[in-house]
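Everything on this sheet refers to the single structure shown next.
The values are calculated or read from the model by the stated rules, or taken from the named source; none is laboratory data. Small disclaimer: the values here were computed from a predicted structure and weren't measured. Using ideal geometry, Cβ is built from the backbone for each residue, glycine included, and neighbour counts are taken over all protein chains shown. For the accessible areas, the whole protein counts, side chains as well, though only heavy atoms, and no ligand, DNA or RNA atoms are used. Shrake-Rupley method; radii C 1.70, N 1.55, O 1.52, S 1.80 Å.
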Amino acid sequence: YEAAIEFLDKSLENGKYNRDIEARANFWKAEAWYRLGYFAKAVDGFNVFLRSPGAISLPEYQTAHYNLAYAYFKLKEYENASSWFRKYVTNNELNQSDKLADAYNRLGDCYFVERDYDLAVSYYDRSYQLKLYDPDYALFQKAFCLGIQRENEQKISSLRTLLQVFPKSQYFDDALFELGRVYERENQQQIAIGYYQDLVNEYPQSTFTPKALLQLGLIHYNSSEFKKSIKYYKQVAEEYPNSTESQAALLGIKNNYVELNDVDAYFEYTEKLGTGVHVSVSEQDSLTYLAAEKLFMAGDKKAKGQFES
């Protein structure tokens with residue numbers, strides 16, 4: 001690309017001899033800057049091309065709208081990006097293509113970032129209806145936006161469609177996790193457990209797997225199934241020791257052992273982990289007292305022995 005820019009610059013030095021070639025040299029120079037990751041220079045170059053006399057009649061003209069939109073998108077200037085993507089789709093709606101489907105998705109992304117979820121859903125849906133480029137992405141993002149808007153039934157419908165129509169989609173594990181979340185929020189815990197468990201079983205390497213295990217631990221904790229809850233939390237702590245979820249899992253393990261009035265087992269477990277987890281003497285004291293207090297408040301005679309401990 002550096003070599004391309006060098007030759008295009010030489011061409012531009014002689015641009016007065018052929019205005020069409022001058023305009024096209026500006027286009028391809030901007031494209032080279034884009035490929036090199038210099039998006040601001042690409043923006044300037046595409047704008048120079050679009051303002052060039054006669055550019056509108058060149059084959060690169062429509063593509064320039066699309067490329068300029070992408071350059072703004074890479075710069076996170078989403079308002080400018082959406083403006084140019086709209087110009088592109090307006091001029092190409094009758095010419096259904098991969099680029100048109102992609103432009104609809106990027107418009108959805110722009111409005112998603114700007115939190116205009118109605119418009120985001122609209123553009124994701126247009127992309128999905130074309131079924132030409134990343135339709136599974138469009139469907140997943142549409143479902144995600146519907147969830148933010150608390151349109152849970154529509155979210156569930158979209159995610160189930162994704163699972164059925166795109167069984168090899170890279171968003172399959174994302175969809176399983178989101179289905180678990182939405183059913184959990186709908187207080188349909190058994191269905192949520194099923195989706196989380198499918199994710200854990202089928203996608204052990206997914207970034208969503210430790211998150212799903214945490215949710216399984218939480219569901220069982222809230223149902224007072226403390227031993228089941230501990231099993232899931234321990235799986236996170238042991239299989240994903242360096243993850244952000246690991247700290248939450250250790251907290252869940254601690255809460256479960258307090259509920260089971262077995263804080264000594266928690267202390268033993270943290271010692272066995274040997275991953276830098278250390279429970280201070282003062283925390284051991286506090287947890288032992290907390291467990292005793294819970295017994296006392298429940299009128300359990302074992303409280304006396306616990307307080308003495």
(message) Over the chain, with a Gaussian network built from C-alpha contacts below 10 Å, which listed residue (160, 24, 51) shows the highest mean-square fluctuation?
(response) 51
(message) Can you tell me the orientation of helix 60-74 relative to the chain, as the angle in degrees between its alpha-carbon axis and the longest Cα principal axis, to the nearest 10?
(response) 30
(message) Taking a ≥ b ≥ c as the square roots of the Cα gyration tensor eigenvalues, with a/c under 1.5 meaning rounded and otherwise prolate when a/b beats b/c, else oblate, which class fits the stretch 26-145?
(response) prolate
(request) List the pair-distance distribution P(r) of the stretch 1-45, using every Cα-Cα distance, as the percent of pairs falling in each 5 Å bin from 0 up to the bin containing the longest distance, rounded to whole percents. (result) 6, 28, 31, 22, 11, 3, 0
(message) Can you give the FRET efficiency to the nearest 0.05 for residue 222 and residue 83, using r as the Cβ-Cβ distance and R₀ = 51 Å?
(response) 0.60
(request) Give the angle, between 0 and 90 degrees and rounded to the nearest 10, that separates the Cα long axis of helix 152-165 from the longest principal axis of the Cα atoms of the chain. (result) 70
(request) Specify whether the C-alpha gyration tensor of the stretch 145-247 places it in the rounded, prolate or oblate class, a ≥ b ≥ c being the square roots of the eigenvalues: rounded for a/c under 1.5, otherwise prolate if a/b is larger than b/c and oblate if not. (result) oblate
(request) For the stretch 164-306, with all protein chains present and a 1.4 Å probe, just round the carbon and sulfur fraction of the accessible area to a whole percent. (result) 49
(message) Pick from 120, 292, 32 the residue whose mean-square fluctuation is largest in a GNM of the chain, springs joining Cα atoms under 10 Å.
(response) 292
(message) Give the residue list of GluC sites (Glu not before Pro) in the stretch 194-258 that are DSSP loop and have at most 11 other beta-carbon atoms within 10 angstrom.
(response) none
(request) On a 0 to 90° scale, report how tilted helix 263-273 is relative to the longest principal axis of the chain, with both axes built from alpha carbons and the result rounded to the nearest 10. (result) 50
(request) Please give the contour-minus-distance gain from residue 186 to residue 238: 0.36 nm per residue of separation, less the Cα-Cα distance, rounded to one decimal in nm. (result) 15.7 nm
(request) Pop out the carbon and sulfur fraction of the accessible area of the stretch 84-140 as a percent, whole number, probe 1.4 Å. (result) 45
(message) Using the Cα centre of the chain as the reference point, and only Cβ charges (+1 on K/R, -1 on D/E), how large is the resulting charge dipole? Debye, rounded to the nearest 20.
(response) 540
(request) Name the most mobile residue of 158, 11, 127, meaning the one with the largest mean-square fluctuation, in a Gaussian network model of the chain with Cα contacts below 10 Å. (result) 11
(request) Mind scanning 168/254; 211/304; 272/302 and naming the pairs with a C-alpha gap bigger than 30 Å? (result) 168/254; 211/304
(request) Go from 0 up to the bin containing the longest alpha carbon distance in the chain, width 10 Å each, and give me the % of pairs per bin. (result) 6, 19, 20, 17, 15, 11, 7, 4, 1, 0, 0
(message) Under 25 °C and 0.890 mPa s, how fast does the stretch 202-309 diffuse according to Stokes-Einstein, given a Kirkwood radius computed over C-alpha pairs? Answer in µm²/s, whole number.
(response) 169
(message) Tell me the per residue accessible area of the stretch 148-263 using a 1.4 Å probe; a whole number in Å² is fine.
(response) 52
(request) Pop a pseudo-label 7 angstrom from the Cα along the beta-carbon direction at both residue 152 and residue 118 and give the gap in nm to one decimal. (result) 2.3
